[in-house]
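Working notes for the structure below.
Derivation of every value follows stated rules applied to the coordinates shown; laboratory data play no part. As the structure is a computational prediction, the values presented were derived from the model and not from experiment. Don't worry about glycine lacking a Cβ; one is built from the backbone with ideal geometry, like all the others, and counts go over all protein chains shown.
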Amino acid sequence: MTEQIKYLQDQKAEFIPANTIPQFELISTTLSDLGACPIPDNLARFYLAYRAAILGDAIIFPLVDIARGKYEIPGIIQINRKFLAFKQFRGLTVWGRNAIYIFSVDLSGDVYIHDVLALQRLKKYPDFADAMTDCLMVGKV
């Protein structure tokens, strides 16, 4: 994942550093209670280093809301409350989006891309770093 992060930083992606140790257990329990999956290891590794990542209109959501000037970036719990109204997202955790796609992960760490309009699952990624790159690079276009 380090190579992809370096590449994305070269493309002007903003990775917001983590300033505290995330409360994975509490957030994972809350996600489970909502019907999403707890934070799997591949996503947890990202959150240990970064709170969020932004490139253009693409974002990897923070664990908790972040104030950014005049607006707020919603946290992963707030985002999943909205998406779990749709049956396609039950058992998944939405972690990123751009203008075209929504990105989710399941308990085993499998990462998926969904069409933003129909919400249909389009592809399963072999690894989180590739999905993260696709999420943010589409935001640059």
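Can we say GLN9 is free of Cβ contacts under 8 Å to residues at least 24 places away in the same chain and under 14 Å from MET132 (Cα atoms)? Steps first, please.
Working: free of Cβ contacts under 8 Å to residues at least 24 places away in the same chain: yes; under 14 Å from MET132 (Cα atoms): yes.
Yes; evaluated as a whole, the condition is true for this residue.
Residues that are in contact with a Lys or Arg (Cβ under 9 Å, 6 or more places away or on another chain), at least 1 per element: which strands (runs of 3 or more DSSP E) completely within the stretch 98-141 meet that?
101-105, 111-115
When you go through GLU14, GLU72, GLU3 one by one, which is the residue that is within 16 Å of ASN98 (Cβ to Cβ) and among the acidic types (Asp, Glu)? Please lay out each step first, then the result.
Details: GLU72 fails: within 16 Å of ASN98 (Cβ to Cβ); GLU3 fails: within 16 Å of ASN98 (Cβ to Cβ).
That would be GLU14, the only listed residue that is within 16 Å of ASN98 (Cβ to Cβ) and among the acidic types (Asp, Glu).
Tally time: how many residues in the stretch 49-76 are within 19 Å of MET132 (Cα to Cα) and either hydrophobic (A, V, I, L, M, F, W, C) or in a helix (DSSP H, G or I) (or both)? Break it down stepwise before answering.
Filtering the stretch 49-76 down to residues within 19 Å of MET132 (Cα to Cα) leaves 49-64, 73-76.
Keeping just the survivors that are either hydrophobic (A, V, I, L, M, F, W, C) or in a helix (DSSP H, G or I) (or both) gives 49, 52-55, 58-61, 63-64, 73, 76.
So the answer is 13.
Tally up the residues in the stretch 26-66 that are among the hydrophobic types (A, V, I, L, M, F, W, C), crowded, with 16+ Cβ neighbours inside 10 Å and farther than 24 Å from GLN11 by Cα, please.
Residues meeting the conditions: 6.
Regarding the stretch 86-93, can at least one residue be identified that is surrounded by fewer than 20 Cβ atoms within 10 Å (Cβ to Cβ), among the basic types (Lys, Arg) and either in a loop (DSSP other than H, G, I, E, B) or in contact with a Gly (Cβ under 7 Å, 6 or more places away or on another chain) (or both)? Spell out how you get there, then give the answer.
The initial filter retains those residues of the stretch 86-93 that are surrounded by fewer than 20 Cβ atoms within 10 Å (Cβ to Cβ), namely 86-88, 90-91.
From the residues that got through so far, the ones that are among the basic types (Lys, Arg) too are 87, 90.
Checking the rest, the ones that are also either in a loop (DSSP other than H, G, I, E, B) or in contact with a Gly (Cβ under 7 Å, 6 or more places away or on another chain) (or both) come to 90.
Yes, the stretch 86-93 contains at least one residue that is surrounded by fewer than 20 Cβ atoms within 10 Å (Cβ to Cβ), among the basic types (Lys, Arg) and either in a loop (DSSP other than H, G, I, E, B) or in contact with a Gly (Cβ under 7 Å, 6 or more places away or on another chain) (or both).
Among the residues of the stretch 50-62, are any over 18 Å from TYR101 (Cβ atoms) and charged (D, E, K, R)? Before you say what the answer is, go through the steps one by one.
First pass over the stretch 50-62, keeping only residues over 18 Å from TYR101 (Cβ atoms): 50-51, 62.
Filter once more, so that each one left must be charged (D, E, K, R): 51.
Checked the stretch 50-62: at least one residue is over 18 Å from TYR101 (Cβ atoms) and charged (D, E, K, R).
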